[in-house]
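Notes for the one structure printed next.
The values are calculated or read from the model by the stated rules, or taken from the named source; none is laboratory data. Computed from a prediction, not measured in an experiment: that's the story for all the values here. So basically every Cβ, Gly included, is an ideal-geometry build from the backbone, and we count neighbours across all protein chains shown.
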Amino acid sequence: MKIGIVEDEAVWRDRIQAVIEEYCRDKNISSQINSYGSGKDFMKNPDADLLFLDIELAEGEDGFGIAGQLMHFGSSCKVCFLTSHTEMARFGYRVNAFRYIDKRHLEEINEALDFFIESRIQDRMIDCNDTNGFCTRINLNGLLIVETYGRKLRYLMLDGSEHICEGRISETAQSLCQFGFFQIQRSYIVNLKYIERVNSRKITLCNGLELVIGRTHSKEFKKEFFKWRMRFGS
């Protein structure tokens, strides 16, 4: 995990970095932490998964402008704004802020890190055996659905590619449920992240595919889907 800190005051940079280092040490998380004294220095190589960014910087820089540049470049970096003036937080919707950290309460960094790690729950690979017995690695973040395919399973990816593998759908659904997947009927497991519309009978996925919700799965599906949206706000 790559973490960036942009803070023009060295004292605050050190304090923020110390909190992050302690968190990663306690949680046994491997991380690369880079600190910068200005947004200009960070933007020379804006490589971070999560950025702790001061709103008010020296030399006329401001955090909202830097976050706006990241959005313009299509960066997937999540931004946690740092400020002593929490009333400024109301402007964060413009740049899709991930969190606001009050400098007077740096312990809030721990909660932000907890939620960030949880939000990346699908950033992992699973191993499946294909029909020839070879191991196939599947990226959960790009997995749209799993469906029965005769006596096999078909893994349909977001880019349209597919993998035909061994396995039973009930066992696969059980192993994937902790990562944001749900078996909506006897033949389909879906990635909750890629559901665009839901009604009482069916779901519509981001690629336009419509699937019927099984009657026996309906109540539990709606509960899990609501929990997912509440957690990750997609």
* If we scan the stretch 61-68, do we find a residue that is modelled with pLDDT of 95 or more, touching a strand residue (DSSP E or B) at 6+ places or on another chain (Cβ under 7 Å) and not hydroxyl-bearing (Ser, Thr, Tyr)? -> no
* Are any residues in the stretch 178-190 in contact with a helix residue (DSSP H, G or I) (Cβ under 8 Å, 6 or more places away or on another chain) and either of a type in the set (S, T, N, Q) or in a helix (DSSP H, G or I) (or both), and if so, which ones? -> 179, 183, 187
* Return a yes/no flag: does the stretch 214-221 have any residue that is modelled with pLDDT under 95, out of contact with any Lys or Arg (no Cβ under 8 Å at 6 or more places or on another chain), among the basic types (Lys, Arg) and loosely packed, with under 13 Cβ neighbours inside 10 Å. => yes
* Among the residues of the stretch 45-59, write down those that are part of a loop (DSSP other than H, G, I, E, B) and within 15 Å of residue 3 (Cβ to Cβ). => 45, 46, 47, 48, 49
* To do: Sort out which residues of the stretch 1-44 are part of a loop (DSSP other than H, G, I, E, B), in contact (Cβ under 8 Å) with a residue 60 or more places away in the chain and more than 22 Å from residue 66 (Cα to Cα), and write them in order of number.
  => 29
* Considering only the stretch 127-180, state which residues are free of Cβ contacts under 8 Å to residues at least 24 places away in the same chain and β-branched (Val, Ile, Thr). => 169
* Quick check, is residue 51 more than 24 Å from residue 230 (Cβ to Cβ) and hydrophobic (A, V, I, L, M, F, W, C)? -> yes
